[in-house]
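Participant: Let me begin by handing over the structure; questions about it come next.
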Amino acid sequence: MGTVKIILRWFGICAAGVALGVVPARVLSSGALSLNTDRGQVSIGPWRTSLATGGTDADMYTRTYVALTGLLALNRGETTYFVATHDDAGRPLQARCDYDVIGKTIDARWWSVTAYADDNFLIPNAAGTFSFNNKSARPDADGRFALALGPRQRPGNWLPTGDAGGFNLLLRLYNPGADIARDPRAAMLPQIKQVGECWS
Amino acid sequence: MSGLTKAIGAVLAVAVVAHVATFIATPHVVMRVAMSRIAQQAGGTNAPFSTLLPTDQSRTIVKPSPDLVYTTCVFDISAGPVLISGTPSPDYWSVALYAANSDNFHVMNDRQAVGGKVAFIIADAARRSAIPAQHQSLPVVEPPTSKGIVLFRYLALDSVGLARAQSAQKTAVCSRL
């Protein structure tokens, strides 16, 4: 075999190997990656968290997922993060739809629910409202609260989704209660229900 | 073993190496970009930079919390130990250290502050002797990498909380000794 043929053959092998081994950037930056990190994954309804987020014991998949979608996250002992990309029915969250997020105040020093566009930055909106927390969500005497997500203003705690396309929700529990810190499955998390038809 | 079998084996071997290398390298690359941006805003390494409440225009770090104001700093202990200190705000406050691979290897919050102030040194074992005498009594945190990020978080749930947080931001120190 001539030298050129050998070089071409090894070039082909390397190109094919790299193409096969390197996950395309789009897949890396999507939530699909998190599904590959089964170790330490916890799901509660549509909410997901990884026990290894931010920690030094994270595997390479968790570490990459966190670096791309939540860089500088705190470890679980300090803060527990839950992400939702779908509603209770399993449909991807869409900015053109209305959702009710209904729950009871969560056992943590403070908590917040923030909406992020698909690029993981805050969603531009004229109201300048990006999140609700244990104070601004104004829980009732029983600790119940409701958020109204959607592109058009609705009564109550309206969290605008603008024209973000797809979006995701991040629930932060800072200094969670002892039970949640020990096992995030102990958290009672809000429901995410689509309301009516989506806007066209 | 046929030529085709050998070729398939070689492709798979390259694929495994490329796969692992990609996932190991990505957090380092993302952190390098973040450290470059922060150091640029702060005017260099070992210098703090404070931000206002995040908005949709805040694009330095993904998923900023709209309830927090931040002070950041890129630590670099290659030339000597670095002093980190600050006075916690009355609401939630924390200082977290991140290695060059993005791991959060150290965090302290306001509840752990002794005497209303937090102060410690970042230094590796080889440079502990370079800690000046007046700082010898401070705790030393040994980082897994010589460069990384320091992130102070200050809770600001309303205008009163924001004023307190911004006052505390002014006390943040990130300085090479």
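The values are calculated or read from the model by the stated rules, or taken from the named source; none is laboratory data. Keep in mind the model is a prediction, meaning the values are calculated, not measured. Using ideal geometry, Cβ is built from the backbone for each residue, glycine included, and neighbour counts are taken over all protein chains shown. We work out accessible area using only protein heavy atoms, side chains counted, and drop any ligands, DNA or RNA first. Shrake-Rupley method; radii C 1.70, N 1.55, O 1.52, S 1.80 Å.
Participant: Taking region B:36-66 only, how many residues are in contact with an Asp or Glu (Cβ under 9 Å, 6 or more places away or on another chain), in contact (Cβ under 8 Å) with a residue 40 or more places away in the chain and within 27 Å of B:R176 (Cα to Cα)?
Facilitator: 2
Participant: Test B:V107 against the criterion of being at the interface with another protein chain (Cβ under 9 Å from one of its Cβ atoms) and farther than 22 Å from A:N175 by Cβ, and give yes or no.
Facilitator: Numbers: at the interface with another protein chain (Cβ under 9 Å from one of its Cβ atoms): yes; farther than 22 Å from A:N175 by Cβ: no.
No; evaluated as a whole, the condition is false for this residue.
Participant: Is it true that B:L138 is on the phi < 0 side of the Ramachandran plot, more than 13 Å from chain A (Cβ to nearest Cβ) and in contact with a Phe, Trp or Tyr (Cβ under 6 Å, 6 or more places away or on another chain)?
Facilitator: Numbers: on the phi < 0 side of the Ramachandran plot: yes; more than 13 Å from chain A (Cβ to nearest Cβ): yes; in contact with a Phe, Trp or Tyr (Cβ under 6 Å, 6 or more places away or on another chain): yes.
Answer is yes for this residue.
Participant: Regarding region A:155-163, can at least one residue be identified that is modelled with pLDDT under 95, surrounded by 15 or more Cβ atoms within 10 Å (Cβ to Cβ) and out of contact with any Phe, Trp or Tyr (no Cβ under 9 Å at 6 or more places or on another chain)?
Facilitator: yes
Participant: Would you call A:Q194 crowded, with 18+ Cβ neighbours inside 10 Å and not small (G, A, S)?
Facilitator: Values: crowded, with 18+ Cβ neighbours inside 10 Å: yes; not small (G, A, S): yes.
Yes; evaluated as a whole, the condition is true for this residue.
Participant: Oh, and also: Is one or more of the residues making up region B:93-100 open to solvent by 30 Å² or more (accessible area, probe 1.4 Å) and either at the interface with chain A (Cβ under 9 Å from one of its Cβ atoms) or out of contact with any Pro (no Cβ under 8 Å at 6 or more places or on another chain) (or both)? First the steps, then the outcome.
Facilitator: Initial filter on region B:93-100 (open to solvent by 30 Å² or more (accessible area, probe 1.4 Å)): none.
Taking every residue of region B:93-100 in turn, none turns out to be open to solvent by 30 Å² or more (accessible area, probe 1.4 Å) and either at the interface with chain A (Cβ under 9 Å from one of its Cβ atoms) or out of contact with any Pro (no Cβ under 8 Å at 6 or more places or on another chain) (or both).
Participant: Against the conditions (1) modelled with pLDDT of 95 or more; (2) open to solvent by less than 20 Å² (accessible area, probe 1.4 Å), where does B:V140 fall short? Just the number, please.
Facilitator: (2)
Participant: I would also like to ask the following. Among the residues of region A:50-85, write down those that are over 16 Å from B:V62 (Cβ atoms), among the β-branched types (V, I, T) and more than 7 Å from chain B (Cβ to nearest Cβ).
Facilitator: Hit for region A:50-85 is A:T80, nothing else.
Participant: If you don't mind, another one. I want to confirm something. Restricting to region A:60-118 and keeping residues that are touching a Pro at 6+ places or on another chain (Cβ under 7 Å), of a type in the set (A, V, I, L, M, F, W, C) and surrounded by 19 or more Cβ atoms within 10 Å (Cβ to Cβ), which single residue is farthest from B:M31 (Cα to Cα)?
Facilitator: The initial filter retains those residues of region A:60-118 that are touching a Pro at 6+ places or on another chain (Cβ under 7 Å), namely A:63-64, A:67, A:80, A:84-88, A:95-96, A:101-103, A:105, A:107-108, A:114.
So of that shortlist, the ones also of a type in the set (A, V, I, L, M, F, W, C) come out as A:67, A:84, A:95, A:101-102, A:108.
From what's left, surrounded by 19 or more Cβ atoms within 10 Å (Cβ to Cβ): A:67, A:84, A:95, A:101, A:108.
Working: A:A67: 8, A:A84: 25, A:A95: 30, A:V101: 33, A:A108: 29 Å.
Among those residues, the one meeting the criterion is A:V101.
Participant: If you scan region B:25-35, which residues turn out to be open to solvent by 60 Å² or more (accessible area, probe 1.4 Å) and touching a residue at least 60 places away in the same chain (Cβ under 8 Å)? So that I can check it myself, show each step before the final result.
Facilitator: Keep residues of region B:25-35 that are open to solvent by 60 Å² or more (accessible area, probe 1.4 Å), which gives B:28-29, B:32-33.
Within region B:25-35, B:H28, B:R32 qualify.
Participant: Can you list the strands (runs of 3 or more DSSP E) lying wholly within region A:37-139 that have 3 or more residues being under 23 Å from A:D179 (Cβ atoms)? Full working, then the answer.
Facilitator: Details: elements: A:41-44, A:47-50, A:79-84, A:98-104, A:108-117, A:131-133.
Qualifying strands (runs of 3 or more DSSP E): A:41-44, A:47-50, A:79-84, A:98-104, A:108-117.
Participant: Shifting gears a bit: Looking at B:S78, B:S89, B:S2, which is the one that is more than 10 Å from chain A (Cβ to nearest Cβ) and modelled with pLDDT under 85? It would help to see each step written out before you state the result.
Facilitator: On the way: B:S78 fails: modelled with pLDDT under 85; B:S89 fails: modelled with pLDDT under 85.
Checking each option against the conditions leaves just B:S2.
Participant: Is it fair to say A:D142 is open to solvent by 10 Å² or more (accessible area, probe 1.4 Å), outside any loop (DSSP other than H, G, I, E, B), among the acidic types (D, E) and out of contact with any Phe, Trp or Tyr (no Cβ under 8 Å at 6 or more places or on another chain)? Spell out the reasoning first.
Facilitator: On the way: open to solvent by 10 Å² or more (accessible area, probe 1.4 Å): yes; outside any loop (DSSP other than H, G, I, E, B): no; among the acidic types (D, E): yes; out of contact with any Phe, Trp or Tyr (no Cβ under 8 Å at 6 or more places or on another chain): yes.
When the stated conditions are applied, A:D142 does not pass them.
Participant: Tell me which residues, restricted to region A:145-191, are more than 14 Å from every other protein chain (Cβ to nearest Cβ), aliphatic (A, V, I, L, M) and closer than 25 Å to A:L74 by Cα.
Facilitator: Within region A:145-191, A:I180, A:A186, A:A187, A:M188, A:L189 meet the criteria.
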